[in-house]
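Provided herewith is a single structure, encoded as structure tokens, for subsequent inquiry.
The values are calculated or read from the model by the stated rules, or taken from the named source; none is laboratory data. This structure is a prediction, so every number in the text was calculated from the model and none was measured. Here Cβ is always computed from backbone atoms with ideal geometry, including for glycine, and neighbour counts include all displayed protein chains. These area figures cover heavy atoms from the full protein model, side chains too; ligands, DNA and RNA do not enter into them. Shrake-Rupley method; radii C 1.70, N 1.55, O 1.52, S 1.80 Å.
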Amino acid sequence: MIENSLIQRIEDELFALEKQGNKRKLPLITQQDNTGKEHVKERYNLSSNNYLGLATDQILRQEFLNSVTKDNAVFSASSSRLLTGNHARYTQLETKLCRMFGMESALVFNSGYHMNAGILPAVCDTKTLILADKGVHASLIDGIRLSNATCYRYRHSDYTHLTQLLTKYAHRFTCVIIVTESIFSMDGDCTDLNYLVSLKQRFPNTLLYVDEAHAVGVRGIQGLGCAEEQQCIADIDFLTGTFGKALASVGGYLLCKEPIRNYLINKARTLLFTTALPPINLLWTVFVLERLSDFTDRRQQLHKNSLLLKQQIIAKGFNCPSESHILPVIIGNNKETVLKAEELQRKGFYVLPIRPPTVPEGTSRIRISLTATMTSSMIEQLATSL
Ligand SMILES: *Cc1c(COP(=O)(O)O)cnc(C)c1O
């Protein structure tokens, strides 16, 4: 029986995962302020992407709710954007994004995952070469896999390797797309965007695709991300990010030139074949974006917290390549990492161990992601527990 053999196989695989200590389950959590409550135990949540604390800000939420009426509280778009789902909130949000970033066009997707899984398959053909950082997110990898392009990965943040690949292969293709993130989610290190811009200018027909998922809201005076900080927004051909992390909402955005947007609304399957976001969510996203430049204090606090923790991690003798609010404590050995994470959890810090294949062999780590609502004394407590 086909069905039975399928169930047998997946049960065997689940058993094997369990035996390796790699079986995942969905934890039960309600987020409140800094604590992630799992079942009854309360812990400091050091694993969320609520970087500015906006998702748990009761005052902000109340202020938004005060502006909600029976007329504007619409909880479903009821169809895709190409049919009747392209409600006025989309125009409002995309116009706002264009103005904030000073870019020609913006396109909002249902999530960062939809966006990254949809853009590359739409724009690439068999004569396209993708050169992607070894550390890019699964959504970008899925986009690359679904595309007809040829892809080579360069060693994480190794621009010499990237230059070698460009020199060797670029002339064989009609177009090259360099794909990277601006802050990487495992090492917390930052990309030298201006260096990539200079590479793009050296090699003809090369475009730059930058995912700012972890940087938007957090970096730059206005909170637009590392491209704002490094003053190269206009030099990036596909500037993307998510509303789901620091911005406390849902959806993915792309800033680009107008022909790219026009093409994507014809070709991007993850945009065409899914129900549009509910108007109420877009209303909240616009509400948050309107206040984004006012969150400077939160950005500064987050920065202070990050510097403090990095100092302490290094003082404890651990290796920490972070240049952001995402800080790995690299331990190396898998078992030791799991034990350390469990110990920290017992002490009240909700951190998770990250092991291969998510990170390279021998670099197992505890991944800490900080938020602006944490105080220096919390950071000191955490550091002591390391
Ligand atoms: C989280 C993340 C995404 C996915 O965004 P969602 O809106 O959560 O789907 C995409 N890219 C990177 C780099 C991310 O970290």
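Val197 - would you say it is of a type in the set (A, V, I, L, M, F, W, C) and either buried (at least 24 other Cβ atoms within 10 Å of the Cβ) or in the same structural domain as Ile368 (by TED's automatic domain parsing) (or both)?
Details: of a type in the set (A, V, I, L, M, F, W, C): yes; either buried (at least 24 other Cβ atoms within 10 Å of the Cβ) or in the same structural domain as Ile368 (by TED's automatic domain parsing) (or both): no.
Here the answer is no, as Val197 does not meet what is asked.
Okay, next question. How many residues does region 162-192 contain that are small (Gly, Ala, Ser) and more than 13 Å from the ligand (Cβ to nearest atom)?
Taking region 162-192 and keeping what is small (Gly, Ala, Ser), we get 170, 182, 185, 188.
Those left that are additionally more than 13 Å from the ligand (Cβ to nearest atom): 170.
Going through region 162-192 one residue at a time, the tally reaches 1.
Report whether or not His137 is at pLDDT 95 or above, within 8 Å of the ligand (Cβ to nearest atom) and in contact with a Leu (Cβ under 8 Å, 6 or more places away or on another chain). Please lay out each step first, then the result.
Values: at pLDDT 95 or above: yes; within 8 Å of the ligand (Cβ to nearest atom): yes; in contact with a Leu (Cβ under 8 Å, 6 or more places away or on another chain): no.
No.
When only residues in region 112-132 that are open to solvent by less than 10 Å² (accessible area, probe 1.4 Å) and among the polar types (S, T, N, Q) count, which is nearest to Ile178 (Cα to Cα)?
Thr128
Among the numbered criteria (1) touching a Leu at 6+ places or on another chain (Cβ under 9 Å); (2) within 16 Å of the ligand (Cβ to nearest atom), which one does Pro278 miss?
In the conditions (1) touching a Leu at 6+ places or on another chain (Cβ under 9 Å); (2) within 16 Å of the ligand (Cβ to nearest atom), Pro278 misses (1) alone.
Return yes when Ala149 is more than 16 Å from the ligand (Cβ to nearest atom), small (Gly, Ala, Ser) and closer than 20 Å to Met115 by Cα and no when it is not. Talk me through it step by step, then tell me what you get.
Numbers: more than 16 Å from the ligand (Cβ to nearest atom): yes; small (Gly, Ala, Ser): yes; closer than 20 Å to Met115 by Cα: yes.
Answer is yes for this residue.
Go through the residues of region 225-236 one by one and say whether even a single one is in the same structural domain as Arg99 (by TED's automatic domain parsing), in contact with a Phe, Trp or Tyr (Cβ under 6 Å, 6 or more places away or on another chain) and either open to solvent by 10 Å² or more (accessible area, probe 1.4 Å) or among the polar types (S, T, N, Q) (or both). Even if it seems obvious, please write down each step before you answer.
In the first step, residues of region 225-236 are kept if they are in the same structural domain as Arg99 (by TED's automatic domain parsing); the result is 225-236.
From the residues that got through so far, the ones that are in contact with a Phe, Trp or Tyr (Cβ under 6 Å, 6 or more places away or on another chain) too are 233.
From what's left, either open to solvent by 10 Å² or more (accessible area, probe 1.4 Å) or among the polar types (S, T, N, Q) (or both): 233.
Scanning region 225-236 turns up at least one residue that is in the same structural domain as Arg99 (by TED's automatic domain parsing), in contact with a Phe, Trp or Tyr (Cβ under 6 Å, 6 or more places away or on another chain) and either open to solvent by 10 Å² or more (accessible area, probe 1.4 Å) or among the polar types (S, T, N, Q) (or both).
Tally the residues that are within 26 Å of Ala213 (Cα to Cα) and modelled with pLDDT under 90, restricting the search to region 313-350.
2
Please determine, by comparing only the residues of region 237-255 that are open to solvent by 10 Å² or more (accessible area, probe 1.4 Å) and more than 10 Å from the ligand (Cβ to nearest atom), which one is farthest from Arg89 (Cα to Cα).
Asp237
Out of all the residues in region 206-226, which are closer than 22 Å to Gly143 by Cα and more than 12 Å from the ligand (Cβ to nearest atom)?
First pass over region 206-226, keeping only residues closer than 22 Å to Gly143 by Cα: 206-216.
The answer is Thr206, Leu207, Leu208.
Next up: Determine whether region 148-170 contains at least one residue that is surrounded by 18 or more Cβ atoms within 10 Å (Cβ to Cβ), without any contact (Cβ under 8 Å) to a residue 40 or more places away in the chain, touching a Cys at 6+ places or on another chain (Cβ under 7 Å) and within 17 Å of Ile260 (Cβ to Cβ).
There is at least one residue in region 148-170 that is surrounded by 18 or more Cβ atoms within 10 Å (Cβ to Cβ), without any contact (Cβ under 8 Å) to a residue 40 or more places away in the chain, touching a Cys at 6+ places or on another chain (Cβ under 7 Å) and within 17 Å of Ile260 (Cβ to Cβ).
Can you go through Asn266, Asn305 and tell me which one is farther than 18 Å from Asn50 by Cα and in contact with a helix residue (DSSP H, G or I) (Cβ under 9 Å, 6 or more places away or on another chain)? Full working, then the answer.
Values: Asn305 fails: farther than 18 Å from Asn50 by Cα.
Answer to the check: Asn266.
Search region 279-305 for residues being in contact with a His (Cβ under 9 Å, 6 or more places away or on another chain) and open to solvent by 10 Å² or more (accessible area, probe 1.4 Å), and hand back the single one that is nearest to Leu83 (Cα to Cα).
Step one: list which residues in region 279-305 are in contact with a His (Cβ under 9 Å, 6 or more places away or on another chain), which gives 279, 282, 302-303, 305.
Now drop any that are not open to solvent by 10 Å² or more (accessible area, probe 1.4 Å), which leaves 279, 303.
Working: Pro279: 15, His303: 43 Å.
Checking each candidate, the answer is Pro279.
Here is a yes/no grid of residues against (1) open to solvent by 30 Å² or more (accessible area, probe 1.4 Å); (2) without any contact (Cβ under 8 Å) to a residue 60 or more places away in the chain; (3) assigned by TED's automatic domain parsing to the domain that holds Asp189:
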position	(1), (2), (3)
Pro321	yes, no, no
Lys340	yes, yes, no
Val351	no, no, no
Val359	no, no, no
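In region 87-123, how many are within 15 Å of the ligand (Cβ to nearest atom) and closer than 13 Å to Ile260 by Cβ?
The qualifying residues number 5.
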